[in-house]
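Since the structure comes first, as structure tokens, the remarks are kept for the end.
Read the figures in this text as sums done on the coordinates, not as results from a lab. None of these values were measured; they are calculated from a predicted model. Counting neighbours? That spans all protein chains shown, and the Cβs are built from the backbone with ideal geometry, glycine included.
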Amino acid sequence: MSSVIETLDRRSFLGRSLWGLGASALSHLMPDYLLADQTQPSGLKARAKRVIYLFMSGAPSQLDLYDHKPGMEKWFDRDLPDSVRKGQRLTTMTSGQSRFPIAPTKYAFKRHGQAGAELSELLPHTSRVVDHLAIVRSVHTDAINHDPAITMIQTGDQRPGKPSLGAWLSYGLGSENQNLPAYVVLNSTWTAKRDAQALYARLWGSGFLPSRHQGVRMRGAGDPVLYLSNPAGVDTETRKRMLDGLKSMNQRQLDIVGDPEIKARIAQYEMAFRMQRSVPELTDFSGESEATYRLYGEDARTPGTFASNCLLARRLIERDVRCVQIFHRGWDHHGDLPRDLPLQCQDIDQPSAALIQDLEQRGLLDDTLVVWGGEFGRTIYCQGKLERDNYGRDHHPRCFTMWMAGGGIKGGVTYGATDEFSYNIVENPVHIRDLNATMLHCLGVDHRKLTYRFQGLDQRLTGIDAQAHVVQPLLA
């Protein structure tokens with residue numbers, strides 16, 4: 001025993017001592033529903049088994065896409081009334097402007113589908129599947145700048161360090177495929193000629209959850225997953241012997257130290273070895289039909305595009321991956337919105353609609369939840385110089401639009417309403433905590449019961465210090 005003690009540094013010794021405290025410590029390393037004396041977090045009927053989250057990083061303008069305000073035409077270049085703004089916080093990019101001139105959208109809107117939902121002319125393909133969508137015009141958030149806003153909608157908190165939605169799903173529901181990760185992230189190319197907000201790996205990280213629950217990013221160029229291929233001169237059998245030896249050493253260290261992250265490391269190496277066979281098959285599109293490419297568009301033939309990633313997302317969920325998140329950047333339209341917004345919509349409109357149609361044709365839409373949206377909305381007033389055919393919009397957290405479709409969601413619904421300036425919510429507000437609670441509900445999880453003890457608190461995706469509600473009118 002003394003020889004073992006001598007190998008432990010102070011941190012390892014304390015970690016091992018904690019394991020000696022008994023089952024109460026162990027209980028916080030696994031989902032509540034795996035414990036005999038705990039309530040199962042999925043005590044609801046799951047309508048969805050998996051989720052595909054289409055995230056438009058940079059914040060698409062609800063005014064130009066989903067929240068039509070025709071009355072704003074008569075307000076062109078008039079100042080936003082103080083009675084509408086109500087002294088609300090502005091970003092530093094427009095707080096110094098001498099005035100806030102109204103910029104009506106230059107795009108035509110039409111009604112579509114049986115319910116007559118209004119969509120912009122920039123979304124002709126999405127308009128054709130509108131009866132599958134629940135369009136929520138009254139989403140709001142607490143953050144006014146990109147990084148805290150994206151962090152909040154992804155993890156439930158503006159401060160970095162919390163687990164992402166996909167990590168929570170991996171932790172709470174596990175994986176149905178042992179050869180692919182439970183949570184996969186795809187970053188797409190974009191067409192707009194502008195810089196884009198940075199995306200950090202913590203946005204799909206596991207936070208304080210065991211690291212095996214973090215998202216695995218698949219790339220559109222080169223090896224789909226870094227370091228997955230064998231190094232030059234190393235064959236599969238040699239790689240297997242190396243990993244077996246590494247597992248033995250890690251297992252010995254786990255027995256001594258008891259650090260659960262070592263166990264996660266062992267599992268991740270084993271997963272990586274299995275992925276050497278599963279990922280090449282996954283990313284081989286040669287068996288896809290010409291009809292599929294016509295559905296998604298020619299961009300689907302180019303790896304890394306949003307269209308290609310939507311097709312890859314369908315292939316992933318066919319293989320029972322729990323959560324797929326596709327990021328598409330370039331939506332931060334502070335200026336030149338009429339130049340760049342159409343390009344962005346060309347990237348995402350047809351593939352988003354195709355994904356809905358493809359899932360339905362394959363019998364997968366009923367148990368796959370699809371979500372579309374960004375981190376906040378855009379202002380009705382112009383940032384910078386206003387012209388009839390050119391304008392920009394600043395950040396606006398007070399109201400924005402997202403949509404949901406598929407597993408557990410009622411199609412053909414438009415929920416919530418904003419004032420005539422799309423500045424304040426006047427009907428059925430939906431905080432992003434409510435959105436996350438509703439997503440978990442569709443997946444059969446009560447957001448109040450999916451918890452993890454950290455820093456003395458039962459942490460949740462929907463937060464510990466604020467209320468979150470399932471939006472019942474959105475449910476089928």
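So if each residue of separation counts as 0.36 nm, and I subtract the Cα-Cα distance between residue 448 and residue 230, what length gain in nm does that give?
74.1 nm
Between residue 274 and residue 427, what length comes free when the chain is fully extended (0.36 nm per residue of separation minus the Cα-Cα distance, one decimal in nm)?
That pair, residue 274 and residue 427, stretches by 50.1 nm at full extension.
If I take R0 = 22 Å and measure r between the Cβ atoms of residue 288 and residue 223 in this structure, what FRET efficiency does the formula 1/(1 + (r/R0)^6) give, to the nearest 0.05?
E between residue 288 and residue 223, to the nearest 0.05, is 0.60.
So how strong a dipole does the chain carry about its Cα centre when Lys and Arg Cβ are +1 and Asp and Glu Cβ are -1, to the nearest 20 debye?
600
Stretched out fully, how many nm does the piece from residue 84 to residue 252 gain, at 0.36 nm a residue minus the Cα gap?
54.0 nm
Farthest toward the dipole's positive end in the chain, which of 130, 117, 405, given Cβ charges of +1 (Lys, Arg) and -1 (Asp, Glu) about the Cα centre?
405
Using the Cα centre of the chain as origin and beta-carbon charges of +1 (Lys, Arg) and -1 (Asp, Glu), tell me which of 211, 474, 439 is placed farthest towards the positive end of the dipole.
Result: 211, furthest along the dipole toward the positive end.
Below 8 Å between Cα atoms, with a sequence gap of 6+, how large is the relative contact order for the chain in percent?
29
List the aspartates and glutamates whose alpha-carbon lies under 12 Å from that of residue 449, not counting same-chain residues fewer than 8 positions away?
Reachable aspartates and glutamates: 32, 458.
Shape verdict for the stretch 346-476, please, from the Cα gyration tensor: rounded (a/c under 1.5), prolate (a/b greater than b/c) or oblate.
oblate
If you restrict to DSSP beta bridges whose two residues both lie in the chain, what percentage is antiparallel, to the nearest 5?
Given both bridge residues lie in the chain, the antiparallel proportion sits at roughly 50 percent.
What distance in nm lies between label points placed 7 Å from Cα along the C-beta direction at residue 417 and residue 115?
Output for this residue pair reads 1.5 nm.
Report, in debye and to the nearest 20, how large the dipole of the stretch 69-181 comes out about its Cα centre when Lys and Arg carry +1 and Asp and Glu carry -1 on their Cβ.
Value, rounded to 20: 360 debye.
Suppose every Lys and Arg Cβ carries +1 and every Asp and Glu Cβ carries -1, with no other charges. What dipole size does the stretch 349-476 come out with about its Cα centre, to the nearest 20 debye?
Computed charge dipole of the stretch 349-476: roughly 340 debye.
Can you return the lysines within cross-link range of residue 385? Criterion is Cα-Cα under 23 Å, with same-chain partners fewer than 8 residues away left out.
69, 74, 106, 193
Suppose R0 equals 45 Å. What FRET efficiency, 1/(1 + (r/R0)^6) with r the Cβ-Cβ distance, do residue 128 and residue 241 give to the nearest 0.05?
E(calc), rounded to 0.05, equals 0.25.
So what is the calculated 222 nm ellipticity per residue for the chain, using -39500 (n - 2.57) for each DSSP H run with n of 4 or more, over all residues, to the nearest 500 deg cm²/dmol?
My calculation for the chain gives -9500 deg cm²/dmol from helical runs alone.
If R0 is 30 Å, what FRET efficiency do you get for residue 476 and residue 147 from their C-beta distance, rounded to 0.05?
0.30
Relative to the longest principal Cα axis of the chain, at what angle does helix 236-257 sit, 0 to 90 degrees, rounded to 10?
80
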